[in-house]
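I have placed the structure first, in the form of structure tokens, so that the comments after it can refer back to it.
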Amino acid sequence: MGKNIFFVKKNINISKLFPKHKFKKNFNIEEIKPLKTARKKDLTFFDTIEYKEIAQKTKASACITNNRLEKYLPKETERIIVENVLYELAKSLKKIYVDSDIDHFDSTLKTPKKNQFKDVRFGNNVLVGKNVKIGKNSEIGPNSIIHQNVIIGEKCVIGCGSIIRNSILGDNVVIQDNTKIGQKGYGFIPLKGVNFKFPHIGKVLIKENVEIGSGCTIDRGSVDDTIIGENTYLDNQVHIAHNVQIGSNCMIAGQVGFAGSSRIGDNVQIGGQAGISGHLKIGSNVKIGGGSGVVKNVDDNQIVMGYPAVSLKEFLKKNKQ
């Protein structure tokens, strides 16, 4: 995920964050990262057996986990044993990145100055935040808002009424009207009488030659990033939840919904109004029929359809008149 350029981080010592735990080595937390990308002096989390193989290789100095899973972590990683991993993670995120649970108003937004973006075309009523970078020959449509620290590549087209925050866009990206990218995703820890908001400190990474239709919503990552690969096309009104990663050369039809942390391979085609459940792995060269509900992993080169989605051959057999 790299250095977090979108959220201000407080400098907190690991022992102060978890005062009941006795650490062998005390350190200031550099970042909170997923198991795979965490490094020395980073804090990570491990809450499901599904990530056992990744946990065994993590480089994190400390990990929030439970009694059932701690045995899979490397000896060098401090175990912080808790009852509710995600709740403790959410509390830690809130203490370190204090403004990441709500998308506050960006007070740095201003009308862009011509000398600041010499080779960029702006429509009327565009607002741009502090430290925004926009590449040559890009254009930003009327009434669009580009929040602070966003990076937009060259030859990009941003449609009217779009809002982009916490995002990095490659070259030749097209975003049609009224699309929202980089907002906080849907996530909370249900407690007795209250829902504890889960902070989202990730970003959205959109690679080169991507086209995104009008009215789409793409949430930023929670701890990981939301990623859309090269040359992938999204139709109108597609929703992509936090941490979803979509490969290259994919075609996603209108009103498709991706639940959090699903992984989509390359060259995937998905028909309109299909739904992909969270934490699933969809292989490369997969085709998913319109209106399908995918609730389990799909291997490479498969064609699936229906709810729950099954192989096309099985679907046709079940629905034979």
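Considering (1) without any contact (Cβ under 8 Å) to a residue 40 or more places away in the chain; (2) surrounded by fewer than 19 Cβ atoms within 10 Å (Cβ to Cβ), the lone condition that Val82 does not fulfil carries the number (2).
Yes/no matrix, rows are residues, columns are (1) under 17 Å from Gly289 (Cα atoms); (2) touching a strand residue (DSSP E or B) at 6+ places or on another chain (Cβ under 6 Å):
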site: Asp225; (1), (2): no, yes
site: Leu234; (1), (2): yes, yes
site: Ser261; (1), (2): no, no
site: Ile264; (1), (2): yes, yes
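Residues considered: Phe7, Phe45. Of these, the only one that is surrounded by 15 or more Cβ atoms within 10 Å (Cβ to Cβ), under 28 Å from Ile168 (Cβ atoms) and either at pLDDT below 95 or over 23 Å from the mean Cα position of the chain (by Cα) (or both) is Phe7.
The criterion of at least 2 residues that are more than 24 Å from Ser167 (Cβ to Cβ), among the aliphatic types (A, V, I, L, M) and not assigned by TED's automatic domain parsing to the domain that holds Lys197 is met, among strands (runs of 3 or more DSSP E) falling completely within the stretch 1-116, by 62-65, 78-81. Out of the stretch 266-283, which residues are over 13 Å from Val295 (Cβ atoms), assigned to a loop (DSSP other than H, G, I, E, B) and polar (S, T, N, Q)? Scanning the stretch 266-283 gives Asn267, Gln273. Can we say Ser92 is under 26 Å from Gly182 (Cα atoms), within 25 Å of the chain's Cα centre (by Cα) and surrounded by 21 or more Cβ atoms within 10 Å (Cβ to Cβ)? Taking the combined requirement at face value, the residue satisfies it. Ile181 - would you say it is in contact with a strand residue (DSSP E or B) (Cβ under 7 Å, 6 or more places away or on another chain), assigned by TED's automatic domain parsing to the domain that holds Asn243 and either assigned to a loop (DSSP other than H, G, I, E, B) or without any contact (Cβ under 8 Å) to a residue 60 or more places away in the chain (or both)? Spelling it out, Ile181 is indeed in contact with a strand residue (DSSP E or B) (Cβ under 7 Å, 6 or more places away or on another chain), assigned by TED's automatic domain parsing to the domain that holds Asn243 and either assigned to a loop (DSSP other than H, G, I, E, B) or without any contact (Cβ under 8 Å) to a residue 60 or more places away in the chain (or both). Of all the listed residues (Gly265, Gly170), the sole one being surrounded by fewer than 24 Cβ atoms within 10 Å (Cβ to Cβ), at negative phi and in contact (Cβ under 8 Å) with a residue 40 or more places away in the chain is Gly170. Criterion applied to Gly141, Gly185, Gly202, Gly159 was being modelled with pLDDT under 95, small (Gly, Ala, Ser) and crowded, with 20+ Cβ neighbours inside 10 Å, and the one residue passing it is Gly185.
The values are calculated or read from the model by the stated rules, or taken from the named source; none is laboratory data. Treat the numbers as computed from the prediction; the structure is a model and nothing was measured. Heads up, the Cβs are rebuilt from the backbone with ideal geometry, glycines too, and the neighbour counts pull from every protein chain shown.
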